[in-house]
Amino acid sequence: MTAASSATASASRPQILSVAKLAPFFMSQLQASFDVHDRLHESDPAAFAKIAPQIRGIAGGGESKVPRALQQQLPALEIISLMGVGYDGIDVSAAIERGIPVTHTPNVLNDEVADLAIGLMLSVARRIPLADRYVRAGRWAKEGPMPLARKVSGARLGIVGLGRIGQAIADRAQAFGMSIAYTARSAKADLPYVFHPTAEALAAAVDFLIVITPGGAGTRHMINAQVLAALGSGGYLINVARGSVVDEAALVDALQRGVIAGAGLDVFEKEPHPLEALWALDNVVLTPHMASATVQTRQAMADLAADNLRAHFAGAPLLTPVPECA
C-alpha cells in the first residue's frame, strides 16, 4: 500500500480520542476499527488542536472526565463510549444538547461487583486480612489466638441503592440468611425487602451497610457523620459505589473513635490517594477500585464498549446508552 492510499484508508476510518489509559483488550479492538488518538489532548495540545475537528468519537473508562469544555473542542463529535458502568465524570447534559449519545457497560459487571461487596463484608467482619498478617508475622505462635470476630450469617443488611448490582448483592446475602432492607429514590413494590426513606434511617436498622448508589452531585457525601452515628458501634460500612458518596474524613473519624466497628472500601474520594489515616486502621479493609477487575468481566466490558462504537458508525441501534440517552 502506497503512502497516499494508506492516508486515504486512514482518513476513511472514524477518528477516536481515548481519554483514559485503556485496557489492552479494549484498545486493540478500537485500533482494529478506528484511528485512535491516545490521550492526545493531554500529551500534545498542539497536535490535538489539529486533529480535533476530525474526532468523531470518544472512548474512556468509568473514571473518565469528559467536561463540556472538551466536548466543545470537538465539532464533529458523534458518540462517547465508556468501558464502565459509572459515568458521573461525563457532562451528559452537554452531550444531549448536541445530540451526542453516551454509552456505558451495565449488567456485565453486576456479579463481579456484588461478589466483591460480599467479600469485603466478610473480610472486615471476620478480620481476614488482619488474620493473614497475624499468621505471617509469627504472632499466632507467640500470642495465641486472635480476638474473636463478628458473625455475618443471620445479620441485618442494608443496601443503599437497589439497582441491578444492589439486587445481585441481596441475592447473595439471602444465602447467608441475612435480613435485607434498602433505601433508594423510591420504594420498589415488586421486591420483598423493607424500604427506608433515608440512608440514616436505614443505617439505624442494620448491622452492615453496603453502598452501591450512583455517584454525582445528588449523592455526594450521602454517607455522612449522621449516617455513621446511626449505624453505630456494632455496624460496618461497605462502599463499592463511588468514593464521593462517603464523607471520607467523617468516616476516618468514626473509625478512629469507634463510632462504627469497621469498613470495607473499594473506592475513595481522591483516587488513587485515599486518606493516609485509613492505612493505619486495623478495622478497615482497603482495595484499589477493583470490583470489576477480573479478566472475564473486563473483557466483556471492553467488548460491549467497542460494540457500541461499531454499532453507532454502522448506523445500528446502540446496545447500552446511559438512561438519559435511551
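The values are calculated or read from the model by the stated rules, or taken from the named source; none is laboratory data. It should be emphasised that the depicted structure is a prediction, and the values quoted were computed from it without experimental measurement. FYI the Cβ positions are ideal-geometry reconstructions off the backbone, even for glycines, and counts take in every protein chain you see. The accessibility values were calculated without ligands, DNA or RNA, using every heavy atom of the protein model including side chains. Shrake-Rupley method; radii C 1.70, N 1.55, O 1.52, S 1.80 Å.
Quick look at the numbers
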{"quantity": "Selection from region 294-320 of residues that are out of contact with any Pro (no Cβ under 8 Å at 6 or more places or on another chain), open to solvent by 20 Å² or more (accessible area, probe 1.4 Å) and polar (S, T, N, Q)", "calculated": "Thr294, Gln296, Gln299"}
{"quantity": "Count of region 70-125 residues which are open to solvent by 10 Å² or more (accessible area, probe 1.4 Å), in contact with a His (Cβ under 9 Å, 6 or more places away or on another chain) and small (Gly, Ala, Ser)", "calculated": "1"}
{"quantity": "Members of region 1-28 that are more than 25 Å from Ala293 (Cβ to Cβ), open to solvent by less than 60 Å² (accessible area, probe 1.4 Å) and modelled with pLDDT of 95 or more", "calculated": "Pro14, Gln15"}
{"quantity": "Extreme residue, nearest to Leu122 (Cα to Cα), among residues of region 156-203 that are of a type in the set (Phe, Trp, Tyr) and in a loop (DSSP other than H, G, I, E, B)", "calculated": "Phe176"}
{"quantity": "Hey, Ile51 part of a helix (DSSP H, G or I), of a type in the set (Val, Ile, Thr) and touching a strand residue (DSSP E or B) at 6+ places or on another chain (Cβ under 8 Å) or not", "calculated": "yes"}
{"quantity": "Selection from region 68-121 of residues that are among the small types (Gly, Ala, Ser), out of contact with any strand residue (DSSP E or B) (no Cβ under 6 Å at 6 or more places or on another chain) and assigned to a helix (DSSP H, G or I)", "calculated": "Ala69, Ser93, Ala94, Ala114, Gly119"}
{"quantity": "Residues located in region 131-153, provided they are closer than 16 Å to Ala175 by Cβ and either within 24 Å of the chain's Cα centre (by Cα) or open to solvent by 80 Å² or more (accessible area, probe 1.4 Å) (or both)", "calculated": "Lys151"}
{"quantity": "Single residue of Asp266, Asp207, Asp190, Asp247 found to be of a type in the set (Asp, Glu) and at pLDDT below 95", "calculated": "Asp190"}
{"quantity": "Yes/no for Ile128 being closer than 24 Å to Phe313 by Cβ and either at pLDDT 95 or above or crowded, with 20+ Cβ neighbours inside 10 Å (or both)", "calculated": "no"}
